[in-house]
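Undergrad: One structure coming up, written as structure tokens, with questions to follow.
The values are calculated or read from the model by the stated rules, or taken from the named source; none is laboratory data. Everything numeric in this text was worked out from a predicted model, so none of it was measured. Cβ sites come from the backbone with ideal geometry, for glycine too, and all protein chains shown count toward neighbours. Note: accessible area is taken over every heavy atom of the protein model, side chains too, but ligands, DNA and RNA are not part of it. Shrake-Rupley method; radii C 1.70, N 1.55, O 1.52, S 1.80 Å.
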Amino acid sequence: MRRAVLILTALLLLFSVSGCARQEKTAEFFAMDTYMTIRAYGGGEAVSEAERLIFKLEKKLSVTDPESEMSRLNNMGEAELSDEAAELIGEALRICGLTGGALDISVYPAVKAWGFTTGEYRVPKDGELSELLKVVDYRNIKIEGNFVRLGEGMLLDLGAVAKGYAGDATAALLRDRGVGSALLNLGGNVQCLGGKPDGSAWKIGVQDPKGRGYIGVLECRDKAVVTSGGYERYFEEDGATYWHVIDPSTCRPADSGLISVTVVGESGLFCDGLSTALFVMGKEKAAALWRETGGFEAIFVSENGDISVTEGLAESFAPSEGRTVSEVIRRDEN
Ligand code: ADP
Ligand code: MG
């Protein structure tokens, strides 16, 4: 009897210790101009640390904060930056190159001209657009160590990549603090660490760009899932819709036949940069880049609502009821 009690006590103790290690901690807050949530299992105070880290990065990277490093760079045309900002710009420039300038972190003057920074939306005249084109070219950003210099009249904006970078930094911090299972949602940039606490995969809803629901659910572990869509910030004028992702080659809102692109991969920064770029490039060019470089998978939603997925997601993406995948994009085109 005494032995049974002892075993029971030991079991209870073990249960409560493991329960403690897996205790759910959550944080919900508004940062980087969007609503964010972090859910992690174990890791003690790691979630509060992660929240502080995101606010710290926001202070450095936000272009709308006049005190930020990015504002200093934009005002002065050159600046010695922190390791984080320099690392992010260096990596973003690599993606600008990889996508042939579909991602261009110097597109900010155009973003401003269309009113996306203030909400005072307007359609710039052709003459104004051709002036803007002269100052939008990532190849005129020079970076040496942490020193960055911009060409005449240029302005940088890390809005297309900052949340992805923050996601990577947060995931790394949580992992470092011993968290084996976590889900971050940084305003549509989802990153998961490990699987769910019960060992199964995380199930991530992919937002329907035309409605409130999901087009489907993606099963993942240790992945970033980042969506860029026309629905996030836009305005309508004279029957046309203008959204906040700009095609740097025209300085007009992207018009590629897509209404959303979701990119799945290891790195939040890479997926964030690519989701913006692929939205600009359109499905055919995006598929060609996927075949050439790999390292990511994608889900495309076209204007008519058709869903296409790259073959690496054919198993893990389940369309919602009433929806189907119209095309699986294969590596081998035939
Ligand atoms: P969201 O921030 O809504 O998740 P994105 O990651 O696609 O969406 O980033 C869009 C933001 O990036 C815009 O608000 C703008 O500041 C900037 N941007 C728009 N078009 C481009 C582009 N082609 N290249 C780089 N940055 C862009
Ligand atoms: Mg992006």
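Undergrad: Would you check which residues across region 170-187 are within 16 Å of ligand 2 (Cβ to nearest atom), open to solvent by 10 Å² or more (accessible area, probe 1.4 Å) and within 20 Å of Arg221 (Cβ to Cβ) and list them?
TA: Asn185, the sole residue that qualifies.
Undergrad: Across region 109-125, what is the number of residues that are more than 20 Å from Ser256 (Cβ to Cβ), in contact (Cβ under 8 Å) with a residue 40 or more places away in the chain and open to solvent by 20 Å² or more (accessible area, probe 1.4 Å)?
TA: Of the residues in that region, 3 qualify.
Undergrad: Say whether the condition of being modelled with pLDDT of 70 or more, in a loop (DSSP other than H, G, I, E, B) and surrounded by 13 or more Cβ atoms within 10 Å (Cβ to Cβ) is met by at least one residue in region 50-61.
TA: no
Undergrad: When residues of region 270-296 are filtered for being touching a Ser or Thr at 6+ places or on another chain (Cβ under 7 Å), open to solvent by 10 Å² or more (accessible area, probe 1.4 Å) and away from ligand 2 (no atom under 16 Å from the Cβ), how many remain?
TA: 1
Undergrad: In addition: Condition check: exposed (fewer than 13 other Cβ atoms within 10 Å of the Cβ) and either among the aliphatic types (A, V, I, L, M) or farther than 24 Å from Thr118 by Cβ (or both). Does Thr37 satisfy that?
TA: In short, no.
Undergrad: If you scan region 20-49, which residues turn out to be assigned to a loop (DSSP other than H, G, I, E, B) and more than 21 Å from Val161 (Cα to Cα)?
TA: Passing the criteria: Arg22, Gln23, Gly42, Gly43, Gly44, Glu45.
Undergrad: Right, here's the next one. Within region 97-108, is there a residue that is touching a Ser or Thr at 6+ places or on another chain (Cβ under 6 Å) and open to solvent by less than 20 Å² (accessible area, probe 1.4 Å)?
TA: Within region 97-108 (the criterion being touching a Ser or Thr at 6+ places or on another chain (Cβ under 6 Å) and open to solvent by less than 20 Å² (accessible area, probe 1.4 Å)), the answer is yes, since at least one residue qualifies.
Undergrad: Sticking with this one: Residues in region 301-324: is at least one within 16 Å of ligand 2 (Cβ to nearest atom) and open to solvent by less than 20 Å² (accessible area, probe 1.4 Å)?
TA: Checked against the condition, which is being within 16 Å of ligand 2 (Cβ to nearest atom) and open to solvent by less than 20 Å² (accessible area, probe 1.4 Å), region 301-324 yields at least one hit.
Undergrad: Within the set of pairs 6 or more residues apart or between chains, which connect a residue that is of a type in the set (A, V, I, L, M, F, W, C) inside region 300-327 to a residue that is modelled with pLDDT under 95 with Cβ atoms less than 9 Å apart?
TA: Final answer for the pair search is Val301/Asp208; Val301/Pro209; Val301/Lys210; Val301/Gly229.
Undergrad: Can you tell me which residues in region 101-117 are away from ligand 2 (no atom under 14 Å from the Cβ) and either small (Gly, Ala, Ser) or in contact with a strand residue (DSSP E or B) (Cβ under 6 Å, 6 or more places away or on another chain) (or both)?
TA: Passing the criteria: Gly101, Ser106, Ala110, Ala113, Gly115.
Undergrad: Say we look at region 224-244 and pick out the residues that are within 29 Å of Thr170 (Cα to Cα) and of a type in the set (Val, Ile, Thr); which of these is most open to solvent (accessible area, probe 1.4 Å)?
TA: Here the residue is Thr227.
Undergrad: Among the strands (runs of 3 or more DSSP E) lying completely within region 213-258, list those that include at least 1 residues that are more than 16 Å from ligand 2 (Cβ to nearest atom) and under 18 Å from Cys271 (Cβ atoms).
TA: Filter on region 213-258 gives 214-220.
Undergrad: Count, please, the residues in region 126-162 that happen to be over 14 Å from Glu91 (Cα atoms), more than 15 Å from ligand 1 (Cβ to nearest atom) and open to solvent by 30 Å² or more (accessible area, probe 1.4 Å).
TA: So the answer is 10.
Undergrad: Please verify whether region 200-211 includes one or more residues that are part of a strand (DSSP E or B), among the basic types (Lys, Arg) and more than 16 Å from ligand 1 (Cβ to nearest atom).
TA: yes
Undergrad: Answer yes or no: is there a residue in region 130-152 that is within 16 Å of ligand 2 (Cβ to nearest atom), under 17 Å from Met32 (Cβ atoms) and over 16 Å from the mean Cα position of the chain (by Cα).
TA: no
Undergrad: Related question: If you check Ala92 against the conditions, is it of a type outside the set (Ser, Thr, Tyr), within 16 Å of ligand 2 (Cβ to nearest atom) and open to solvent by less than 20 Å² (accessible area, probe 1.4 Å)?
TA: When the stated conditions are applied, Ala92 passes them.
Undergrad: With the structure loaded, tell me whether Gly216 is open to solvent by less than 50 Å² (accessible area, probe 1.4 Å) and modelled with pLDDT under 95 or whether it fails that test.
TA: no
Undergrad: Give the residue, chosen from Thr99, Thr118, that is touching a helix residue (DSSP H, G or I) at 6+ places or on another chain (Cβ under 9 Å), farther than 17 Å from Thr64 by Cβ and polar (S, T, N, Q).
TA: Being touching a helix residue (DSSP H, G or I) at 6+ places or on another chain (Cβ under 9 Å), farther than 17 Å from Thr64 by Cβ and polar (S, T, N, Q) holds for just one of Thr99, Thr118, which is Thr99.
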